[in-house]
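The values are calculated or read from the model by the stated rules, or taken from the named source; none is laboratory data. Here the structure is a predicted model, which means the values were calculated and not measured. A quick note on method: Cβ atoms are made from the backbone with ideal geometry, for glycine too, and the neighbour counts reach across all protein chains shown. Only protein heavy atoms, including side chains, enter the accessible area calculation; ligands, DNA and RNA are left aside. Shrake-Rupley method; radii C 1.70, N 1.55, O 1.52, S 1.80 Å.
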Amino acid sequence: MRALLTSFGLRILSALCVLCAAIAIPTDARSYVRTRTKASCLPLRWAQTCIFLQPDAELARDDMAADAVTAAIQGAIQSWNDRLDPSSFLRLYYLAPSESREVSQTDRLGSIKFRFDRWCRPAKDANSSPICFDPAATAVTTVTFLNKPTEPDLDGQIVDTDIDLNAVGFRFVDGTQTLPSGEKRPVVDLWNVLTHELGHVQGLDHTCNLDFGSQPACMTDDKGDPVPSCTELDTMRRTSQSAETAFEAAMYPTSVAGDYSRRIPTSDDLAGVIVSHPASSDPQSCKIPTVVSGCHAVSQGETLRGSTHVWALLGMLCLPILFLARQRRKTSRHPKPFCFRDTL
């Protein structure tokens, strides 16, 4: 989950919870890490109340029944919403699938798309190439944010997110049910994966460093300590409660096949979102993206909060934007190293 260079001044960074609803930020939390900008090292954050998420109409094809897929997506959304409210202003909203279309980093819609035939995003046109992801990653979350180091009010603002799911290399399942036999692809619990990816959507990074690619020198945990490698963290777990807490977090970057133990964000995962998006700072900005105008947003029966303010920053073409892709690996708690490539 680290930086990859692109053209037009853009940078793609490729890398690949269970308390009461009214949760406060724990004073002893030390197991969350916030994603930061490369230049100014500011934590990424949203400047709007609502994040809209919509699965592609193809869903998981024959791997999972459509109702099981939508239940997993809504379950992951609810696992965050129920525990962030009322401490954080951020709210995730589910939009029912309506059609099959390619993801876009400029439509302000959080697309959720399964990739079946090739673990790549197709070329945008005849002059571009497909963007392919590491085959060991079960999912990639792309977070698009403003890169304005000289303008702190804008720098690091998230403007779009998308989630790609690797159905080429993995079989998505409900891990609480009997796992399929004879499946050549490793099986992974869809809800478990999505809870992790939604943490990235809200600006969280991994609780340990997978040791691949570069990260900002200022990348630290909430106490200001350097983020340990996952190998170091696994060793520290034997003697450190904080290391064990980081391991148990939804934002720990690896898992075992079929594991569903991280469907719920921990108190530290939640604290990482709350500190950047406290309820007292609610911008009261909530508008369904125009690409899906007319769709009904569902967030556990609640009406949308905030105004119909049109957030038009993306229309200002002079603003540099960075793309952050987070590759999620869930095949083993001791994964083999994998590399990140520059994508042009």
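Summary of computed values
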{"item": "Odd one out for T106 among (1) open to solvent by 20 Å² or more (accessible area, probe 1.4 Å); (2) out of contact with any Ser or Thr (no Cβ under 9 Å at 6 or more places or on another chain); (3) more than 29 Å from T176 (Cα to Cα); (4) of a type in the set (S, T, Y)", "result": "(2)"}
{"item": "Residue check for A217: open to solvent by 40 Å² or more (accessible area, probe 1.4 Å) and closer than 17 Å to L42 by Cα", "result": "yes"}
{"item": "Some residue of region 245-255 being assigned to a helix (DSSP H, G or I), open to solvent by 30 Å² or more (accessible area, probe 1.4 Å) and among the aromatic types (F, W, Y)", "result": "no"}
{"item": "Entirely in region 1-79, the strands (runs of 3 or more DSSP E) that have 1 or more residues that are at pLDDT 95 or above, crowded, with 16+ Cβ neighbours inside 10 Å and within 17 Å of the chain's Cα centre (by Cα)", "result": "50-55"}
{"item": "Residue ranges of strands (runs of 3 or more DSSP E) in region 98-185 with at least 2 members over 25 Å from Q48 (Cβ atoms) and not hydroxyl-bearing (S, T, Y)", "result": "110-115, 171-173"}
{"item": "Scope region 115-152; condition open to solvent by 10 Å² or more (accessible area, probe 1.4 Å), touching a strand residue (DSSP E or B) at 6+ places or on another chain (Cβ under 7 Å) and closer than 18 Å to D56 by Cα; matching residues", "result": "R115, W119, C120, R121"}
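The rows are residues; the columns are (1) modelled with pLDDT of 50 or more; (2) within 21 Å of the chain's Cα centre (by Cα); (3) over 19 Å from G203 (Cβ atoms); (4) β-branched (V, I, T).
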residue: E232; (1), (2), (3), (4): yes, no, yes, no
residue: F247; (1), (2), (3), (4): yes, yes, yes, no
residue: P253; (1), (2), (3), (4): yes, yes, no, no
residue: S261; (1), (2), (3), (4): yes, yes, yes, no
residue: S281; (1), (2), (3), (4): yes, no, no, no
residue: T308; (1), (2), (3), (4): no, no, yes, yes
residue: H334; (1), (2), (3), (4): no, no, yes, no
residue: C339; (1), (2), (3), (4): no, yes, yes, no
